[in-house]
1. Looking only at residues in the stretch 144-158 that are touching a residue at least 40 places away in the same chain (Cβ under 8 Å) and under 19 Å from the mean Cα position of the chain (by Cα), which one is surrounded by the most Cβ atoms within 10 Å (Cβ to Cβ)?
2. Going through the stretch 1-31 one residue at a time, which ones are in a loop (DSSP other than H, G, I, E, B), buried (at least 16 other Cβ atoms within 10 Å of the Cβ) and among the aliphatic types (A, V, I, L, M)?
3. At least 1 residues that are out of contact with any His (no Cβ under 7 Å at 6 or more places or on another chain) and closer than 21 Å to Leu221 by Cα in each: list the strands (runs of 3 or more DSSP E) lying fully within the stretch 77-191 that qualify.
4. Quick check on my filter: what residues within the stretch 51-83 are within 27 Å of Lys151 (Cα to Cα), in contact with a Pro (Cβ under 9 Å, 6 or more places away or on another chain) and surrounded by fewer than 17 Cβ atoms within 10 Å (Cβ to Cβ)?
5. Could you list, in sequence order, all residues of the stretch 199-227 that are out of contact with any Ser or Thr (no Cβ under 8 Å at 6 or more places or on another chain) and farther than 30 Å from Ala86 by Cα?
6. Do you know which residues across the stretch 212-235 are out of contact with any strand residue (DSSP E or B) (no Cβ under 6 Å at 6 or more places or on another chain), of a type in the set (A, V, I, L, M) and modelled with pLDDT of 95 or more?
7. Hey, can you tell me all the residues within the stretch 45-92 that are closer than 18 Å to Gln105 by Cα and among the hydroxyl-bearing types (Ser, Thr, Tyr)?
8. Does the stretch 107-125 contain at least one residue that is without any contact (Cβ under 8 Å) to a residue 40 or more places away in the chain and under 17 Å from Gly185 (Cβ atoms)?
Amino acid sequence: MPTPPIRLLIHGASGRMGRALLRLAAPDPRFTVVAAVARRPPADDPAVPWCLAAALEAVPAFDVAVDFSLPDGFDAVLALCQARGAALVSGTTGLAAAQQARLQQAAARIPLVWASNFSRGVALLEELVERAARALPGWDCDIVEAHHAHKRDAPSGTALTLGAAAAGGGADPRYASLRAGDIVGEHLVQFTGPGERIELVHRAADRDIFARGALEAAARLPARPPGRYRPRDLL
């Protein structure tokens, strides 16, 4: 008997990532989009069941929510997932410490993954950065990131995630940020020692890589027990 498709809620659906998720999920037989949530849904997309963010509690039943919104909208979708017993995949960056604490508490009740970046390449880069930091004690560690001119948070969430990986290996990372043009995302982690330097770099040329990674996580997360997962646990 065929497996029924995963019921998908996309929160923050009118943003760049939300639109990419809708486009990629539509032809994917693993999913059916039961609701696309935004503050101002478009009036010209009858193929998708849109819902106002202010009326989030009225959305139909879903198995997993994929959230790429803003910090001021994050608490509502996290609370809804807990109330419905649904999984959560979130890439909303700029969360406050209290929101991260609520995320950790929610992991006792639902399976969830929060990440600043859902690309497979960055998942691997995070592991390589930690390994390099452990192997190069005492070396300087610098993280340089570049994004489009409209990105609000700096350093980026991905840069902070890479910095946490470096710190986990014993390094003391420093950060530099660039906001210019339409850069999708570039991250350089540089280790510098006496007379030599190692650079680990990831460059994203297409925002679809993040949407594809988030959808892969959404396909695998609902079957997992409650807990907080990393992209590399799922991808």
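The values are calculated or read from the model by the stated rules, or taken from the named source; none is laboratory data. If you're wondering where the values come from, they're calculated on a predicted model, not measured in any experiment. No Cβ is skipped: glycine too gets one built from the backbone with ideal geometry, and neighbour counts run over all protein chains shown.
1. Step one: of the stretch 144-158, the residues touching a residue at least 40 places away in the same chain (Cβ under 8 Å) are 144-146, 152-153, 156-158.
Filter again for under 19 Å from the mean Cα position of the chain (by Cα), leaving 145-146, 152-153, 156-158.
Working: Glu145: 25, Ala146: 20, Arg152: 10, Asp153: 15, Ser156: 24, Gly157: 19, Thr158: 27.
That would be Thr158.
2. If the condition is that a residue be in a loop (DSSP other than H, G, I, E, B), buried (at least 16 other Cβ atoms within 10 Å of the Cβ) and among the aliphatic types (A, V, I, L, M), then Ala13 is the only one that fits.
3. Details: elements: 87-90, 111-114, 140-147, 174-179.
Because the criterion is at least 1 residues that are out of contact with any His (no Cβ under 7 Å at 6 or more places or on another chain) and closer than 21 Å to Leu221 by Cα, the strands (runs of 3 or more DSSP E) in the stretch 77-191 that meet it are 87-90, 111-114.
4. Leu52
5. Selection gives Glu199, Leu200, Val201, Arg203, Ala205.
6. Within the stretch 212-235, Leu215, Ala219 qualify.
7. Correct list: Ser90, Thr92.
8. First, the residues of the stretch 107-125 that are without any contact (Cβ under 8 Å) to a residue 40 or more places away in the chain: none.
Checking the stretch 107-125: not a single residue is without any contact (Cβ under 8 Å) to a residue 40 or more places away in the chain and under 17 Å from Gly185 (Cβ atoms).
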